[in-house]
Amino acid sequence: MTMEEQPLDVENAPAATKDETSDSGTSPADAEGGSGSTANSNGNPHRTIERKLSISEQAQANSSGRCRAPFWLKWIEYPFRVKNPQTQQYLEEATAHAMDYQARGPINQTGSFVGAAMINLAVKDAGGPKNTVYGIQASSILTVASLIVGITAGVTMPFVGALVDHTDHRKAMGSVSAFIVTAAVAFQLMLSEDTWFAIFILEVIGGYFLIMHQVCTMAYLPDLTHDLTAMGHYTARFMMNQYFVQGVFTTIVIGVGYNLDNIGTAKVGAGLATGLGVIFFGYSWIFLFRKRPKLREIPEGSNIFTTGFKQIAVTTKHVFKEYKALKWFMIALLFSPEAGAGTVLAIAVTFLTVFVKMSVVEIAVVSLVMLFFNIPGAFVSKKMCVLMNPLNSFRCAEVMFAVVNGLIAITVTGSTQKDKYLMNFYAALIGIAFGWMFPSQRTLAVALIPKGQETEIMGLISFFGQIVGWLPVFVFTAMNQNGVSMRWGLGSVSLFLLTSCAITFLCGSYDDAVALVAHTSDEYLDHFRRRSQNGEESGKEGSFADEEGKVQSTGNNTGTE
């Protein structure tokens, strides 16, 4: 195996990168993340440039290694390894993120196949798209499911955030939510004329736990690196890999389902997505993601059920007072489709199924076009985050998305073949916008959030997004229920995107915002090292909770194989 194929060996690697003029080794102080200029072992005062280990690197270095993949299984992770652009080495939790993305992509895509088939079955059961079934207009069945997920998530996310923040169960929650999401997709293989409403319920359950899973996963993201260029590289590569795998997945669904009916095609997608979820979720959460110590204790007089809501209020007040750019960015996200592509997906699938009258295979083709154009979009994001900073990159992507969406509402007027061709053309442009927008947004979020508060603020962002994140789908559903053309319901999404973009101009200077939180990175690294190496729970000096929850001594041993 060549050096480029080796994963990051942080337990044996120095914690700092030094000038070639320095011939000294790395001291213990260096390994703990010290910085500044030092003299080498020969007394020569050479300047030393040091790089502190990230949280993920520290967690990997202190891992017991008991949950490492056997050698005969490690080939699964090789295609998903992403180099750190600074060290040119691989990090296990970066690979875990990449594999988690690969599982989520096909599962999210399956929602469009199953959703389209479910709408058709509901319309058939009701006797027409304008008729009601179970008290819901048949053509609104998928958007109503999205509404339920959004509102429920908004109410409960503070509790989820408290579990992640005030306990050491972050990895367990990510694992359990991944299992439930995969199981929900697996049960969708039962889709039929008699079971479509049960599938509707599973869509709600799976959608909710997918949001919970994203919160858990996003809490790990800032731990990968404290360098913004490296973070932009990571997020762009994760998205590019996801779009590629999702595109291959969709191609297989189209090929296998070409001669099948809508239900058969949906089942093909659900079956493949289940298999990919088992492999990628299973591997990443068993072997690659590490446990984390709890960030803080539950305040006196509170409990795990109430502390999340209290923390939301405290954190909101703190953010709004101290971090102007983060405040307005969070408010902007209220009107952006960040609460998931689930919101936009529900609207798009309903529009394509009911208004354009596309089959599941035709919708899959539109999705495939969009997915492959997500890849150049992610590449554009990577470049633009460097050229114009992540804030301006995010703005440009939102404007592009809004303009293309508006053009769809204006020019796609029916269900003719011309309209279907137009949808494939617009899918390419939407793909570029999506691929550009989401990596930029994630890079921007990491840049603006003070280190050590990622979990609670990510939870806060998720909470804010869910408060009105369901509003676009609510407007679309309300307009549809009242007989307004779906074209204008779809067009209303552009108004939300433009509103989001306008609000970001209240953030002020991006450079000033990053400088405001820059000092928190070093403080968080030191705080994490102290908490992960303390012996409060074990009575031992220098300890770290491994993947199985056992405390491993790190005083004289890294605890790795």
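The values are calculated or read from the model by the stated rules, or taken from the named source; none is laboratory data. Quick caveat: nothing in here was measured; it's all calculated off a predicted structure. Cβ atoms come from the backbone with ideal geometry, glycine included; neighbour counts cover every protein chain shown. What goes into the accessible areas is simple: the full protein's heavy atoms, side chains included, and nothing from ligands, DNA or RNA. Shrake-Rupley method; radii C 1.70, N 1.55, O 1.52, S 1.80 Å.
How would segment 172-261 be classified by its alpha-carbon gyration tensor: rounded, prolate or oblate, with rounded meaning a/c under 1.5 and the a/b versus b/c comparison settling the rest?
On the way: a/c = 3.96, a/b = 1.54, b/c = 2.57.
It is oblate, given that a/c is not under 1.5 and a/b is not larger than b/c.
Leaving ligands, DNA and RNA out of it, report the carbon-plus-sulfur percent of the accessible area of segment 53-169 at a 1.4 Å probe.
On the way: 2240 of 3610 Å².
Carbon plus sulfur share of accessible area: 62 percent.
For Gln88 and Val176, calculate 0.36 nm times their separation in residues minus their Cα-Cα distance, and state this gained length in nm to one decimal.
Details: separation 88, 0.36 × 88 = 31.68 nm, distance 3.26 nm.
Contour length minus Cα-Cα distance gives 28.4 nm.
Restricting to DSSP loop positions (anything but H, G, I, E, B) with no more than 14 other Cβ atoms inside 10 Å of their own Cβ, which GluC sites (Glu not before Pro) remain in segment 252-322? Could you put the intermediate results ahead of the total?
Values: sites: Glu297, Glu300, Glu322; in loops: Glu297, Glu300.
Hits after loop and neighbour filter: Glu297, Glu300.
Go through Phe244, Leu221, Asn303 and say which Cα lies farthest out towards the positive end of the charge dipole of segment 210-352; charges sit on Cβ, +1 for Lys and Arg, -1 for Asp and Glu.
In segment 210-352, that residue is Asn303.
If the only charges are +1 at each Lys and Arg Cβ and -1 at each Asp and Glu Cβ, what is the size of the charge dipole of segment 344-474 around the Cα centre, to the nearest 20 debye?
Values: 8 positive and 5 negative charges, 50 e Å.
Rounded to the nearest 20 debye, it is 240 debye.
Would you mind putting 301-310, 279-288 in packing order, based on average other-beta-carbon counts within 10 Å, highest first? Could you put the intermediate results ahead of the total?
Details: 301-310: 15.1, 279-288: 21.8.
Going from most to least packed, we get 279-288, 301-310.
Could you pull out every residue, at least 5 positions away or on a different chain, whose amide H is within less than 5 Å of the one on Val133? Hs are placed 1.01 Å off N in the peptide plane, and Pro or chain starts have none.
Ala138
Say R0 is 25 Å: what FRET efficiency, to the nearest 0.05, do Ile331 and Leu407 get from their beta-carbon distance? Could you put the intermediate results ahead of the total?
On the way: r = 27 Å, r/R0 = 1.09.
Efficiency for this residue pair is about 0.40.
Show me the ranking of peptides 199-212, 345-358 by mean Cβ neighbours inside 10 Å, starting with the highest. Before the final figure, lay out each step's value.
Numbers: 199-212: 21.6, 345-358: 23.6.
Descending packing order for the listed peptides: 345-358, 199-212.
At what distance in nm do the modelled label points of Ser509 and Tyr421 sit from each other, each positioned 7 Å from its Cα along Cα→Cβ?
The modelled label-to-label distance comes out at 5.2 nm.
Once the Cβ-Cβ distance between Asn392 and Asn303 is put in as r, and R0 is 45 Å, what FRET efficiency do you end up with, to the nearest 0.05? Write out the running numbers ahead of the final one.
Values: r = 43 Å, r/R0 = 0.96.
It comes out at approximately 0.55.
Show Lys130, Lys294 ordered by accessible area, largest first, where the area counts protein heavy atoms only and the probe is 1.4 Å.
Details: Lys130 115, Lys294 55 Å².
Accessible-area ranking of Lys130, Lys294, largest first: Lys130, Lys294.
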